[in-house]
1. Using modelled amide H (1.01 Å from N, peptide plane; none on Pro or chain starts), what sits under 5 Å from the amide H of Ala63, excluding residues fewer than 5 places away?
2. In which sequence would Leu40, Leu34 go, from the one with the fewest C-beta neighbours within 10 Å to the one with the most?
3. Once fully extended, how much extra length lies between Met155 and Met33, figured as 0.36 nm per residue of separation less the alpha-carbon to alpha-carbon distance?
4. Compute, for the range 36-89, the length of the dipole vector about the Cα centre, with Cβ point charges of +1 (Lys, Arg) and -1 (Asp, Glu) only. Units Debye, rounded to 20.
Amino acid sequence: MKTTVITQLALVAMVAPAFPQAPAPDTYESGIMLQASALLPPASLLGTSYRVRDQVPTDGYMAHFTIDTDYGTFTAIGVPQARQRIIEAEAIRKLVETSKGDLFAEGLKRSIEQPIDAVKNIVKNPVDSLKAAPSTVGHFFQKAGSAIGRAGGRMKDRVEENQADPEAVTDADVAKEAGMGIGAMAKNAAGYDKAKLD
């Protein structure tokens, strides 16, 4: 009896490959191409330093944007990330513009000279310098923290306004304000404002 079962199984194993098998059905849908103007407000498709490519491939779930900028090509998956990349491109542009200015260079020079002057002052008058150090450092970080907090709050408000009504507050508006905020913080950190006053 055992040999009969083994013989039958062997026979089935030899005959089964002889029957043609149907190919497995294609279980994946291919993505479609969409237009960027159908997904983003038209005002945000082209900026001073960037351009969102019109053809947006999808993978069945998410749109894959390509954004050409003066600083390279960015990719973004989904509309929220595309909006973020647009804001970043404008912020980079504003930062580059700021760093090219003469006042920025002068402020940077002064920000480098100030620590040297501080060391000279410590050598000449060590006791008074050590007494003043905690308040000076604390004031600097308090001022920087306040500026960052205010800028972050403004940006959060503008992004929420944009999400609530993309036509009233465009991505380009948000991007411009982000760039201006980053530029202002960079100027302040590099001593730009002090150079401007002198």
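1. Residues meeting the amide H criterion: Gly78, Val79.
2. Listed from fewest to most nearby Cβ atoms, that is Leu34, Leu40.
3. 40.7 nm
4. So the dipole magnitude of the range 36-89 works out to roughly 80 debye.
Any read-out appearing in this document is the output of simple, stated calculations on the displayed coordinates, not a laboratory observation. Because the structure is predicted, anything quoted here is derived from the model rather than measured. Reconstructed Cβ throughout: ideal geometry from the backbone, glycine too, with neighbour counts over all protein chains shown.
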